[in-house]
1. Using the Cβ atoms and a cut-off under 14 Å, what net charge is assigned to the surroundings of ARG47, where Lys and Arg are +1 and Asp and Glu are -1?
2. Can you check what the net charge comes to around THR14, using other residues whose Cβ is under 14 Å from the Cβ of THR14 (Lys, Arg +1; Asp, Glu -1)?
3. Here are some values of Kirkwood radius over Cα pairs in Å: (i) 16.4; (ii) 18.6; (iii) 15.5. Which one was computed from this structure?
4. Could you check the simple spin-label distance between ALA95 and ALA33, using points 7 Å along Cα→Cβ, in nm with one decimal?
5. Leaving out ligands, DNA and RNA, and with a 1.4 Å probe, what % of the accessible surface on region 1-114 is carbon or sulfur?
6. Could you state the accessible area per residue of the chain in Å², with a 1.4 Å probe and every protein chain left in place?
7. Calculate, in nm to one decimal, what SER65 and SER22 gain on full extension: separation in residues at 0.36 nm each, minus their alpha carbon distance.
8. Let me check I've understood the local charge: for VAL101, count other residues with C-beta under 15 angstrom from its C-beta, Lys and Arg +1, Asp and Glu -1. What total comes out?
Amino acid sequence: MAHQSLYRTYRPQTFDDIVGQSHITRTLKNAVAEDTVAHAYLFTGPRGTGKTTTARILAKALNCSSGPTPDPDTDCEQCLEIADGRHPDVHELEAASRTGVDSVREEIIGRLAYAPTRGRFKVYIIDEVHM
């Protein structure tokens, strides 16, 4: 039996589950509800504050089967695949393992030529950009 780390087991699945970031979640929920989502968001802060988790929840809100919705249902196929990290339209790139800005840029540009395959939006989560 494989064990999953606690932070993955108890990772928030909706904006309402996120604790201590109400100003951020309110802003993102309003943007989704009003169809004014920007083309890019920059989440910054110390380790463990929920930057990647918030980005995944935003991806769910945009690609949920009942959405775009500020309250993704978390049990549709789209939401489950995003939570598992296997949705074909949500790309999580680990910038720390890339050799430079050019390699990240080339990977994104290479994927931009294709429209979303299953969801409404393609979402790129570029993690560890500071590296």
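The values are calculated or read from the model by the stated rules, or taken from the named source; none is laboratory data. The structure presented is a predicted model; accordingly, all values stated were derived computationally and were not measured. Heads up, the Cβs are rebuilt from the backbone with ideal geometry, glycines too, and the neighbour counts pull from every protein chain shown. Each accessible area value is taken on the protein alone, full model and side chains, heavy atoms only, with ligands, DNA and RNA left out. Shrake-Rupley method; radii C 1.70, N 1.55, O 1.52, S 1.80 Å.
1. On the way: positive: LYS51; negative: ASP127, GLU128.
Result for the local shell: -1.
2. For residues surrounding THR14, the net value is 0.
3. Matching entry in (i) 16.4; (ii) 18.6; (iii) 15.5: (iii).
4. The two pseudo-label positions are separated by 3.1 nm.
5. Numbers: 3820 of 7320 Å².
Ligands and nucleic acids excluded, carbon and sulfur give 52 percent.
6. Values: 8550 Å² over 131 residues.
For the chain, the solvent-accessible area averages 65 Å² per residue.
7. On the way: separation 43, 0.36 × 43 = 15.48 nm, distance 2.47 nm.
Stretched out fully, the SER65 to SER22 stretch lengthens by 13.0 nm.
8. -4
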